[in-house]
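The values are calculated or read from the model by the stated rules, or taken from the named source; none is laboratory data. Everything quoted here is computed from the prediction, not taken from an experiment. Cβ sites come from the backbone with ideal geometry, for glycine too, and all protein chains shown count toward neighbours. Note: areas computed on protein heavy atoms with side chains; ligands, DNA, RNA excluded. Shrake-Rupley method; radii C 1.70, N 1.55, O 1.52, S 1.80 Å.
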Amino acid sequence: MKYYFLFFLFLIFNPLLKAQFDKSNSWNEEIENSSDIIKPYVLSTHPLGIYISRLYHNFNVRSPEKYSFLFEVSSGNVVLPYVKSYELTDPNDREISKNIPWHTREFSFDLNKVPSKTKEFTADGVIRSYRFTFSLPLTIHHELNFSLRANSLDRGKYPFSVFTSDETIEWFHRNIAGGKDPFSRYHYGINQAGISYKDENNKVLTMNNNDFRIPGIDINYNYYPELEMNKKHRIYLNFGAQLGINTSSYNPSADIGVSSSILKKMIVKDKNILSFGLSAGALRQHFIEYGDRVNISNQDFLYSFEALFDYKVKLRNNNRISYGINYNFQTSYNKKKDLDYLVFTGERINTHWQKSIYHLYEDLEGWSFMCTYSTKRFSYFVYFREDLNLDNAPDFQTGIGLKMSIKRS
């Protein structure tokens, strides 16, 4: 990850870039008038992650002057063939397992006899995420956001899944990159829809074709301090706190999180705005529990990091169009050290057959590419997201949304 930091610093401090920027006093006014960055909710439509209130990283520099309503829909194609894992519990077996490569452990233990805790997981289909957010500016330095999150699952057929259907993705693999059926979609059957996860306590999470769920609501508070470096160096900080109330029967709990972002803004050609941002946060899962839940994650804390590049162009009609690149990182859903004691079983169709459960013990990464067109009252945005380490949860994701602002009286 150090390379992302170095790249970020290079872009900010490279003297070749500095020479392009006019240093007039109108900079601060231009930035104040166009301070907001419309960043979609680009977190993955993960079949388990959708039941957790993961952190939203905010890259704005002040509270907006207007109330706003935002609605967005994203679609992610997930393909995770059935895998069963055995977590060895006997100390002697665990010591032996540590010294055996994961892909040969299945042949080193009698799984019908060794003491273990088992998990089973399979997921296939297009997971759609629906998010409705109301933003309430309190003062120029304080803001509240209320978000309702919902999800559905379907087979991803045309015309509702032009980019995230099995056919489109496999066409891309065959003709551009990846080869023929690299993730065994055709072997297991295309256009399937179903999620089934059984934890070590035999509690089961399921989702079937055309199921619709409302996993919870999120309440976010953002604070934008006024600092000397805002006008002097155009560097801004913000701090956020999040309360996530999970309402599904699979994860009846509340999560709390905190985050902070730093943003550097530059003016290009007197009117366009170039922004670079870094953000980090931590989410305390199931801070409050109010029922029996499926053990989706055995981590108490999920840590996340984002880097953002945004270039906003001012058009002749004073509307704006912006292009952005976002990098997202999240720590693994389960503790990495547990991998030393896990035995995986499944159909060994390809070299990454174990990913369905194995990726739950790996850090998650994704790149998102965004485009937004903004008028005085409305902003329209689209994005697509690609998993960086090929966990296929999801394989490819797209999103579209609308933000409407209402002037405060």
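Here are a few things to note about the model shown:
- Segment 340-352: number of residues that are more than 14 Å from Ser116 (Cβ to Cβ) and of a type in the set (A, V, I, L, M, F, W, C): 1
- Verdict on Phe212 being in contact (Cβ under 8 Å) with a residue 24 or more places away in the chain, within 21 Å of Arg128 (Cβ to Cβ), of a type outside the set (A, V, I, L, M) and open to solvent by 20 Å² or more (accessible area, probe 1.4 Å): yes
- From Arg213, Arg234, residue being under 19 Å from the mean Cα position of the chain (by Cα) and among the charged types (D, E, K, R): Arg213
- Only residues that are among the small types (Gly, Ala, Ser) and open to solvent by 30 Å² or more (accessible area, probe 1.4 Å) were counted in segment 103-126, giving 2.
- Counted residues, segment 364-397 - those being part of a strand (DSSP E or B) and either open to solvent by less than 30 Å² (accessible area, probe 1.4 Å) or among the basic types (Lys, Arg) (or both): 12
- Considering segment 274-306, and only residues there that are touching a helix residue (DSSP H, G or I) at 6+ places or on another chain (Cβ under 8 Å) and open to solvent by 20 Å² or more (accessible area, probe 1.4 Å), the residue that is nearest to Lys119 (Cα to Cα) turns out to be Asn298.
- Residue that is at pLDDT 90 or above, assigned to a loop (DSSP other than H, G, I, E, B) and in contact with a Leu (Cβ under 6 Å, 6 or more places away or on another chain), where the choices are Leu43, Leu55: Leu55
- Output for segment 354-383, where each listed residue is over 13 Å from Arg320 (Cβ atoms) and small (Gly, Ala, Ser): Ser356, Gly366, Ser368
- Beta carbons closer than 8 Å, at least 6 apart along the sequence or on distinct chains, pair a first residue in segment 382-409 that is at positive phi with a second that is assigned to a strand (DSSP E or B) and aliphatic (A, V, I, L, M) for Asn392/Val78; Asn392/Val79; Asn392/Leu80.
- Which listed residue is at pLDDT 95 or above, over 13 Å from the mean Cα position of the chain (by Cα) and outside any helix (DSSP H, G or I), from Tyr82, Tyr67: Tyr82
- Ser259 vs. criteria open to solvent by 10 Å² or more (accessible area, probe 1.4 Å), part of a strand (DSSP E or B) and modelled with pLDDT of 95 or more: yes
- The residues of segment 170-209 that are open to solvent by 40 Å² or more (accessible area, probe 1.4 Å), in contact with a helix residue (DSSP H, G or I) (Cβ under 9 Å, 6 or more places away or on another chain) and closer than 15 Å to Gly125 by Cα, listed by number, are Tyr186, Ile190, Gln192.
- Pick from segment 159-199, criterion of a type in the set (Asp, Glu) and at pLDDT below 95, ranking: farthest from Ser74 (Cα to Cα): Asp181
- For segment 134-158, a residue qualifies if it is assigned to a loop (DSSP other than H, G, I, E, B) and at pLDDT 90 or above, and the qualifying residues are Leu138, Thr139, His141, Arg155, Gly156.
- Qualifying positions in segment 150-169 - charged (D, E, K, R) and either open to solvent by 10 Å² or more (accessible area, probe 1.4 Å) or over 23 Å from the mean Cα position of the chain (by Cα) (or both): Asp154, Arg155, Lys157, Glu167
- Selected residue (only one of Asn246, Asn222 is closer than 30 Å to Ser161 by Cα, in contact (Cβ under 8 Å) with a residue 40 or more places away in the chain and crowded, with 19+ Cβ neighbours inside 10 Å): Asn246
- Hits in segment 276-301 (condition: within 13 Å of Gly49 (Cα to Cα) and assigned to a loop (DSSP other than H, G, I, E, B)): Val294, Asn295, Ile296, Ser297, Asn298, Gln299
- Failed criterion for Lys232 (all others in (1) farther than 30 Å from Ser135 by Cβ; (2) of a type outside the set (Ser, Thr, Tyr); (3) outside any strand (DSSP E or B) hold): (1)
- Each residue in segment 314-360 was checked for being more than 24 Å from Gly178 (Cβ to Cβ), open to solvent by less than 50 Å² (accessible area, probe 1.4 Å) and within 19 Å of the chain's Cα centre (by Cα), and 6 of them qualify.
- Pairing each residue of segment 168-195 that is closer than 25 Å to Ser152 by Cα and part of a helix (DSSP H, G or I) with any residue that is open to solvent by 90 Å² or more (accessible area, probe 1.4 Å) and among the hydroxyl-bearing types (Ser, Thr, Tyr), provided the two are 6+ apart or on different chains, yields C-beta distances under 8 Å for Glu170/Tyr186.
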